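Written out below as structure tokens is the structure these notes cover.
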Amino acid sequence: MRSLLSVTLLLLLLLALMLSTEASRRPKTHKGGKPRPESECSSAETQYGKCVPEKGDCGDGLRDATCREVTDKIPCRIPCNWKKDISDCKYKFGPWGSCDSATKTKTRSGTLKRALFNAECLATVKVSKPCSPKVKGTGGGRKSN
């Protein structure tokens, strides 16, 4: 009786394992989309369009991937803290400059590290942001006796 119970549990465990491996072999799908097609083209042959977010300016979206006159939509993502015009280009940025009192902004420049999806990128870019209204403290605020 005990061995029959053990064999039954073992079979159920094997069945669950087979179902989970089968589920992992299924093609990945984008929310509400078709499975991503297996392409015969290399990434060098494929022309990629801009990532277009589903809602707003950032988040999950779709981009066109064209190869041999066949265009597919593939999933992509634009980080919400990233600039739209340089989203497919990765830059290494230096430190923020001092606050410009006339424009109340500070800037920094970045040099191109790599271009994603065959994007056309500028060699250097400048980004700016508003100056922080808060003055940073000296850290800690401990009183000395």
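Work out the length of the dipole vector of the range 83-132 about its Cα centre, built from +1 on the beta-carbon of each Lys and Arg and -1 on the beta-carbon of each Asp and Glu, and round it to the nearest 20 debye.
180 debye
Of 92/126; 55/113; 50/90; 55/92, which ones are farther than 19 Å apart at the Cα?
Beyond 19 Å: 55/113; 55/92.
Every number in this text was worked out from the coordinates using simple rules, so none of it is lab data. Since we're looking at a predicted model, the values are computed, not measured. No Cβ is skipped: glycine too gets one built from the backbone with ideal geometry, and neighbour counts run over all protein chains shown.
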